[in-house]
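The values are calculated or read from the model by the stated rules, or taken from the named source; none is laboratory data. Keep in mind it's a predicted model, so treat the numbers as computed, not measured. Cβ placement follows ideal geometry from the backbone for every residue including glycine, while neighbour counts extend to all protein chains displayed.
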Ligand code: NAD
Ligand code: AHE
Ligand code: ZN
């Protein structure tokens, strides 16, 4: 079938809106009509050419919501008409990783997903005779996409696509890092670096968990008001701090953070996030994605003296199990998504979403079809 997609032909070039051929779903696959998609910093990162797994030409996008319009042979868990959120972290419930109960990182299709192809090793997208590659197993910058059955979470039908698409990445990543990865407890002091589409959801999660101090750190002064709306108790702009940021934060939190979260993707900020943690027990969670080739550093003494460095992908959430619950939280008004969606644009204007991100004007832009 002919579909409309925003194609990334090469790094750093604007996405090109064009007609693409999409082959129907094969065994174990589903065809989804994408109704809305958020634009995440990770899409921008891959488009920048710094992602070691970035492949061109490809159809980016991993924060979508839509409707199943066709299913391939053998598909049992979803049917035509089901409302779904595509999952870049699938949940097969059969691989060693799923069965371990220790991680959400299902590996059933990770190798082919990282190569931009479906599990059978081929792409469903083409322009003329040339393949166009999938991205993160989702490719939501298209009005139709094909996904493996294990890469969709069925959600309730009354949930608005243009809001719950954000649960496909940013909301779940931020809330989940607090609830599933860190397991923040009432009374904990939390420091969040980077108050964008992810960090504000970390703040929202910390508030839900009953944290005491929720300190937000961002270079953009406009993020203070938004942070406070979501439960931030203290705002720190590093450019306004006299002297080093780390001792300032340790002092502010009476010895250091119980939990810190890095939501920027900068290795120097990752070091600050670890070192502002409390001696003996503070845990720092890396969420930000740093460019290929970058490495983190600290004195081992920081770990010897009890600080813990860990990471979180998709908030540690098991997509098919947890995403429908997070949709319920939104519908029950337990979480606020609406105020974080600062712009809604038609697909033809998707390139403006990257300009809004770079200028610091947007938290999340949602693109509709
Ligand atoms: P964003 O652009 O919306 O927000 C980034 C924020 O960081 C901005 O507010 C910016 O002002 C701030 N910032 C920049 N430099 C800073 C510094 N030195 N100190 C403090 N703040 C600084 O991006 P986002 O969509 O929120 O994504 C954040 C990061 O998380 C990206 O690296 C993205 O790729 C990554 N990410 C990871 C996962 C995961 O599963 N691990 C999921 C989604 C996004
Ligand atoms: N291809 C990238 C990996 C980037 C990365 O870490 N991605 C996160 C999700 S970011 C969503 O906005 C993730 O889920 N990681 C686990 C995984 O298996 O990819 C690179 O830098 O190489
Ligand atoms: Zn994302």
Would you call residue 14 loosely packed, with under 15 Cβ neighbours inside 10 Å and either on the phi < 0 side of the Ramachandran plot or within 16 Å of ligand 1 (Cβ to nearest atom) (or both)? yes
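Conditions (1) within 20 Å of residue 170 (Cβ to Cβ); (2) in the same structural domain as residue 211 (by TED's automatic domain parsing); (3) free of Cβ contacts under 8 Å to residues at least 12 places away in the same chain, marked per residue:
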| position | (1), (2), (3) |
| --- | --- |
| 228 | yes, yes, yes |
| 237 | no, yes, no |
| 243 | no, yes, yes |
| 246 | no, yes, no |
| 254 | no, yes, no |
| 258 | no, yes, no |
| 261 | yes, yes, no |
| 264 | yes, yes, no |
| 267 | no, yes, no |
Any idea which of 362, 353, 284 is surrounded by 14 or more Cβ atoms within 10 Å (Cβ to Cβ), in contact with a helix residue (DSSP H, G or I) (Cβ under 6 Å, 6 or more places away or on another chain) and either assigned by TED's automatic domain parsing to the domain that holds residue 86 or part of a loop (DSSP other than H, G, I, E, B) (or both)? 362
Filtering helices (runs of 4 or more DSSP H) wholly in segment 91-180 for at least 2 residues that are within 16 Å of ligand 1 (Cβ to nearest atom) and either touching a residue at least 24 places away in the same chain (Cβ under 8 Å) or more than 26 Å from residue 44 (Cβ to Cβ) (or both) gives 110-114, 170-176
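Somewhere in segment 185-194, is a residue within 16 Å of ligand 3 (Cβ to nearest atom), over 30 Å from residue 124 (Cα atoms), buried (at least 24 other Cβ atoms within 10 Å of the Cβ) and not assigned by TED's automatic domain parsing to the domain that holds residue 58? Can you show your working first?
In the first step, residues of segment 185-194 are kept if they are within 16 Å of ligand 3 (Cβ to nearest atom); the result is 194.
Now narrow it down to the ones that are over 30 Å from residue 124 (Cα atoms): 194.
Now narrow it down to the ones that are buried (at least 24 other Cβ atoms within 10 Å of the Cβ): 194.
Next, from what is left, pick out any that are not assigned by TED's automatic domain parsing to the domain that holds residue 58: 194.
Yes: segment 185-194 contains one or more residues that are within 16 Å of ligand 3 (Cβ to nearest atom), over 30 Å from residue 124 (Cα atoms), buried (at least 24 other Cβ atoms within 10 Å of the Cβ) and not assigned by TED's automatic domain parsing to the domain that holds residue 58.
Listed here are the residues, each with its yes/no results for (1) exposed (fewer than 14 other Cβ atoms within 10 Å of the Cβ); (2) in contact (Cβ under 8 Å) with a residue 60 or more places away in the chain; (3) away from ligand 1 (no atom under 16 Å from the Cβ); (4) assigned to a loop (DSSP other than H, G, I, E, B).
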{"residue": "3", "(1), (2), (3), (4)": "no, yes, yes, no"}
{"residue": "10", "(1), (2), (3), (4)": "yes, no, yes, yes"}
{"residue": "20", "(1), (2), (3), (4)": "no, yes, yes, no"}
{"residue": "44", "(1), (2), (3), (4)": "no, yes, no, no"}
Is segment 140-148 home to any residue that is touching a helix residue (DSSP H, G or I) at 6+ places or on another chain (Cβ under 8 Å), surrounded by fewer than 23 Cβ atoms within 10 Å (Cβ to Cβ) and farther than 25 Å from residue 7 by Cα? no
Kindly provide the set of residues from segment 27-39 that are touching a strand residue (DSSP E or B) at 6+ places or on another chain (Cβ under 8 Å) and either at negative phi or not assigned by TED's automatic domain parsing to the domain that holds residue 79 (or both), ordered by number. 29, 30, 31, 32, 33, 34, 35, 36, 37, 38, 39
